Amino acid sequence: MRTYYLRSFGCQMNEHDAERIRALLEAEGLERADQPDSADVLVYNTCTVRKSADERLAGHLGTAARLKREDAGRIVLVTGCLPQAEQDAFFRRFPFVDGALGPQNLHRLPELLAAAVEAAQPGGRPPGFFADGPLMSGDLTARRERPYQAWVQIMSGCTNFCSYCIVPQVRGPERSRGLDTIVSEVRGLVADGVREVTLLGQNVNAYGLDQRRRGRGGAADFPALLRALDAVSGLARVRFMTSHPKDLSHGLIRALAELPSVCEHVHLPAQAGSDRVLAAMNRGYTAAAYLERVHALRAAVPDVSVTTDLIAGFPGESEDDFAQTLELMRAAAFDAAFTFVFSPRRGTAAAELPGQVAAEVKRERVERLIVLAQELALGSRRRWVGRRAEVLVEGPSRDGKGLRGRTRQNVTANVSGAIEPGAIVEIEVTGATSTTLRGRA
Ligand code: SAM
Ligand code: SF4
Ligand code: F3S
């Protein structure tokens with residue numbers, strides 16, 4: 001086994017896991033291949049949050065099956081949330097897969113590879129490592145894909161059990177990493193040239209609360225973690241995601257307002273605008289409480305960008321409920337929104353609810369969400385024209401003519417001027433689309 005090919009799907013947590021998979025495989029002496037046909041080991045790091053994610057993967061696994069038929073010595077491994085959700089049934093569905101493990105078992109990847117090579121002999125049974133208890137892959141080293149930015153996992157798992165969501169099943173219970181471990185990881189990243197970190201967790205606002213529940217009364221909470229990271233010298237920017245509205249505290253709003261390195265962006269998934277639907281989703285807030293938090297944020301933090309996730313067609317959602325999601329979008333004036341069609345997931349409460357909404361109705365509703373989200377995003381970007389914005393330059397722009405970076409509000413900016421990647425510059429914003437700013441350094 002000399003080379004590996006890795007393809008990853010899903011959220012940023014999974015992207016970060018992919019960086020750790022690379023580090024683990026490279027520590028085993030494997031080299032990266034950019035195409036599946038030239039690799040000895042194929043790894044697919046999967047997501048299963050919606051049916052569309054499963055379908056996308058099936059296409060890629062079709063390619064893997066064909067390559068395996070061409071060369072039976074190739075090893076196909078599947079990691080991430082899908083095999084964790086399906087466990088042994090996964091191998092019945094994809095019999096050509098040589099081994100699989102769930103996200104809580106990432107550290108066992110070298111062991112899995114060795115076992116898979118052995119089991120690939122005639123008569124072997126593919127190994128599967130699936131967790132049912134809390135394991136933490138947070139301390140594994142990552143092979144970073146980006147020179148100036150890094151993901152830092154501050155928590156794993158989720159214990160919120162939103163009724164539509166499969167994540168608590170596949171990622172296990174909420175667990176926070178220790179503050180000192182995180183700070184020392186960030187110091188190491190800064191020494192390696194990183195200027196911006198993004199703290200990752202399904203609900204970062206609950207950071208440390210699990211430790212307190214387990215008896216570590218003095219454990220730091222999320223605002224305290226932000227304060228400790230703001231004090232790391234040489235670190236220019238701190239981002240975080242995802243924030244759960246029910247745990248967005250005044251302490252966090254204060255931290256955002258006061259700490260220079262903490263970027264003015266909060267991704268705060270609202271999911272819906274009807275209190276009846278929010279209750280059925282088990283979200284733990286009302287639309288009014290959500291808006292109160294957004295207004296408090298906007299009042300305390302100038303230029304803060306508030307982005308969100310929204311689901312169309314949750315079971316029982318009436319046209320009137322749906323109209324309240326549109327109303328909430330306008331009232332919150334979202335700077336950007338990710339919109340999803342409700343997808344029933346096996347083992348979740350919402351999959352069993354009566355009143356499942358017809359596919360065409362869900363489609364038509366999500367289209368209306370998209371139109372409004374684009375209108376709001378364009379308004380939000382246009383307000384920057386004629387103003388100055390701070391950009392961390394990441395690399396060449398897509399058209400190759402200039403450079404591309406991101407503002408503190410997490411908006412992509414195409415920048416002209418004599419600047420280098422890695423620089424943090426002020427730009428004069430000269431133009432805007434619903435997704436991108438344009439400007440001169
Ligand atoms: N932990 C985050 C939170 O609390 O919102 C995000 C978790 S999930 C990876 C990202 C988004 O996927 C959710 O915010 C939700 O909008 C969407 N999502 C999750 N399950 C879904 C489902 N069954 N159908 C449609 N969208 C779903
Ligand atoms: Fe899923 Fe809710 Fe947990 Fe987010 S907070 S991961 S939506 S269960
Ligand atoms: Fe998908 Fe797993 Fe993330 S299901 S959204 S990759 S936590």
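The values are calculated or read from the model by the stated rules, or taken from the named source; none is laboratory data. Note that the structure is predicted; figures quoted are calculated from it, not measured. No Cβ is skipped: glycine too gets one built from the backbone with ideal geometry, and neighbour counts run over all protein chains shown. Heads up: the accessible areas ignore ligands, DNA and RNA and are worked out on the full protein's heavy atoms, side chains in. Shrake-Rupley method; radii C 1.70, N 1.55, O 1.52, S 1.80 Å.
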Those residues of the range 80-105 which are surrounded by fewer than 19 Cβ atoms within 10 Å (Cβ to Cβ) and touching a helix residue (DSSP H, G or I) at 6+ places or on another chain (Cβ under 8 Å) amount to ARG93, PHE96
Note on the range 268-306: residues outside any helix (DSSP H, G or I), in contact with a Lys or Arg (Cβ under 9 Å, 6 or more places away or on another chain) and either farther than 24 Å from GLU352 by Cα or more than 16 Å from ligand 2 (Cβ to nearest atom) (or both) are LEU268, ASP303, VAL304, SER305, VAL306
- Would you call ARG108 surrounded by 15 or more Cβ atoms within 10 Å (Cβ to Cβ), of a type in the set (D, E, K, R) and in contact with a His (Cβ under 8 Å, 6 or more places away or on another chain)? no
Item checked: Test result for VAL204, touching a residue at least 12 places away in the same chain (Cβ under 8 Å), in contact with a Phe, Trp or Tyr (Cβ under 9 Å, 6 or more places away or on another chain), β-branched (Val, Ile, Thr) and surrounded by 15 or more Cβ atoms within 10 Å (Cβ to Cβ) -> yes
Of the residues in the range 1-45 that are within 16 Å of ligand 2 (Cβ to nearest atom) and of a type in the set (S, T, N, Q), the one that is least open to solvent (accessible area, probe 1.4 Å) is ASN14
Taking first residues from the range 304-322 that are closer than 17 Å to ALA377 by Cβ and touching a residue at least 12 places away in the same chain (Cβ under 8 Å) and second residues anywhere that are polar (S, T, N, Q) and in a loop (DSSP other than H, G, I, E, B), the pairs with Cβ under 7 Å that are 6 or more apart or on different chains are SER305/GLN409; SER305/ASN410
Quiz prompt | GLU394 vs. criteria modelled with pLDDT of 95 or more and closer than 24 Å to ASP54 by Cβ | solution = no
By residue number, the members of the range 177-190 that are open to solvent by 10 Å² or more (accessible area, probe 1.4 Å) and under 25 Å from ASN410 (Cβ atoms) are ARG177, LEU179, VAL183, GLU185, ARG187, GLY188, LEU189, VAL190
